[in-house]
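This report concerns only the one structure given below.
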Amino acid sequence: MTEEKKAAAHYDPLDMSNYRVEKLPKVEKSNFERWMMRVGGPLAILTFIFIYYFGDFAFINNINPETFNPDTAATAIARYKAVGFDDFIRINYAILAIFAAAIVLWITEAIPNYLTSMCLILAMVLTKVTSDQTVYAQLGHPVMWLNILSFVLASMLVKTQVAKRFALWFVIRFGKNASWVIFSFIVINIVLSAFISATTAKATILLPIFMVIAAIYGARGGAHRNNFGRNLVLQNLFQINIGASGFLTGSGANLLAGALIAGSMGMDMFSYQAWFVAAFPLMLILIFTGWFVGMKIIFPLKPHERRPSIEGGMEYLRAEYHKMGRVKPIEWRALAIFIGVLGLWATDQQHGINQTAVAFLGAVVALLPGIGIVKWNDVDIPWHLMLFSAGAYALGAGLDATSIANTSVDAIFTSAGLDASTPFWKIYLILTALMLFSAVLFQSKTMRAMIFIPIAIGVEQRFGFPVMSLSFPLALLIEHVYVLPFNSKPAALLYTTNQYSITDGVKYGITMMVIAYGMIIVWGETVLRWLGYTPNGVFF
């Protein structure tokens, strides 16, 4: 008997250790993706050279900083006064060249995302887009600290196994049948989204649990796919991402969008409470709609898929849960710390303490010797993501220093025949569609936020629309990254389970994107108008 057959003979589909991330098969890149990686580097270099050295664009050449609005372009005006007109034009070409080259590298993945960020930071320094201090200081941006501290708090929950205990308990308690098992993950994902700011971390925690459940219901992947497995994995992918959209701290991309919007208003931080009030109800509607669409329309369960096919399957989960023993004091402390942090975040408008200071408080308590939960070496901070985010913030500082976003928007809208008489609803429909459906082509939420939020802010400023009337609705669409395996890290991770095909993912994902597009239109006309973000009479 070969080693492969021996391994297959001893394979236990209920053993959670079989579904650890390191044991999952790696998704091979397609020929097209490998070709993109090969051409990405040279194409980025050529893009930079063409724009920086040979570019001749009227919308840059005709910039008149004397006409800039001092309320919205104070940084750009200060940069112009510091360097003079000719150099100001050159740094506008520089930031456009750097931005375009970075987009090419981010899309093609010719080099890792964090390395792209390091390259663009260096390029901004060498081309003098803004001062060295401004570029380097982005690693110390308040939102960067919030990112780091959120990982400290999330590591506390992972180390104490609070998240795993909750997920097991909820499935055992409420997963009485196939429909309710899948429904129970809605609650699990929403709760974890409030506590854990990394969508990949949530996927890693939940994957072994729902893979065991999939095996219990006869879904073992490949030739053993069924609609239960398709629903379980695809809906978890959808819930992991959309759950993050309900909270400002749900992902780094949300924090970036909030920082960009706050910066356009001259503030350091976006309000956690303001985000929650507008985003959480929308998130709930989309997640419950996704459950109905998957279970009742696209992948309805056959009668035999509604019953466990492995005897004693749920007992195995109960055994895993009981193996964890009674809730330990350290787990209660971890919960107390995080619930306290969430409470302070949710009431930031009442007490005036910003999210970063609250996270600092929680992290300090969690790390305190004696009463704390974790040691520094227990904390899992993905520094490559931090560097990637720092590059995105540095790029934002460059856009702010040159006002290239505003001038680009002017040029694009003028060439498209859109002017001050263009109704708000038409621009709203165009920008929300571009933001949402671009997620099918891109592989980074942060990159989409970096591209589209400044554009929306520029449009608001150019046309005199209310602050956040376009940028905030676009920010609510950041997390729609669930159609193709390369659209997000959770999508790549869950695709390796082999529980669904790309066709299945596209069928479910595109359906939910179309529904989400309809919902953001309704949201703009109702909730966002009631909250004072979109103007009255947007569509009707």
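The values are calculated or read from the model by the stated rules, or taken from the named source; none is laboratory data. Everything numeric here is computed off the predicted structure, so don't read it as measured data. Positions of Cβ are generated from backbone atoms using ideal geometry, with glycine treated the same way; all protein chains shown enter the neighbour counts. To get the accessible areas, we keep the full protein, side chains included, count just its heavy atoms, and leave off ligands, DNA and RNA. Shrake-Rupley method; radii C 1.70, N 1.55, O 1.52, S 1.80 Å.
Values computed for the structure shown
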{"read-out": "Cα centroid separation, segment 342-390 to segment 485-509 (Å)", "value": "32 Å"}
{"read-out": "Largest to smallest principal axis extent of the C-alpha atoms in segment 165-230, angstrom", "value": "35, 25, 17"}
{"read-out": "Share of carbon and sulfur in the accessible heavy-atom surface of segment 479-533 [1.4 Å probe, %]", "value": "71 percent"}
{"read-out": "Taking the C-alpha atoms of the chain, convex hull volume expressed per residue in Å³", "value": "165 Å³"}
{"read-out": "Gain on full stretching of the segment that runs from Val364 to Thr414 - 0.36 nm per residue minus C-alpha separation", "value": "12.8 nm"}
{"read-out": "Charge dipole (debye, nearest 20) of the chain; +1 at Cβ of Lys and Arg, -1 at Cβ of Asp and Glu", "value": "1820 debye"}
{"read-out": "Cα gyration tensor shape of segment 324-398, rounded if a/c is under 1.5, else prolate or oblate by comparing a/b with b/c", "value": "oblate"}
{"read-out": "Computed magnitude of the charge dipole of segment 146-243 (debye, nearest 20; Cβ of K, R +1, Cβ of D, E -1)", "value": "200 debye"}
{"read-out": "Residue range of the chain that is longest and free of GluC sites (Glu not before Pro) which are both DSSP loop and sparsely packed (at most 12 other C-beta within 10 Å)", "value": "29-310"}
{"read-out": "Sequence of Trp376, Trp345 when ordered by accessible area, the most exposed leading, probe 1.4 angstrom", "value": "Trp376, Trp345"}
{"read-out": "Computed [θ] at 222 nm, helices only, for the chain once each DSSP H run of length n ≥ 4 contributes -39500 (n - 2.57)", "value": "-21500 deg cm²/dmol"}
{"read-out": "Extreme residue, positive dipole direction of the chain, given options Tyr321, Thr511, Asn113 (C-beta unit charges)", "value": "Tyr321"}
{"read-out": "Neighbourhood charge, 10 Å Cβ-Cβ cut-off, centred on Asp504 and excluding it, Lys, Arg +1 and Asp, Glu -1", "value": "+3"}
{"read-out": "Within the accessible area of segment 54-170 (1.4 Å probe), percent carbon and sulfur", "value": "62 percent"}
{"read-out": "Ile339 - accessible surface, heavy atoms, 1.4 Å probe, Å² rounded to 10", "value": "100 Å²"}
{"read-out": "Residue-normalised accessible area of the chain, expressed per residue, 1.4 Å probe, Å²", "value": "42 Å²"}
{"read-out": "Sequence of Tyr517, Tyr114 when ordered by accessible area, the most exposed leading, probe 1.4 angstrom", "value": "Tyr114, Tyr517"}
{"read-out": "Accessible surface of segment 202-292 [probe 1.4 Å, protein heavy atoms]: carbon and sulfur percent", "value": "62 percent"}
{"read-out": "Accessible surface, 1.4 Å probe, highest first, among residues Val191, Val129", "value": "Val191, Val129"}
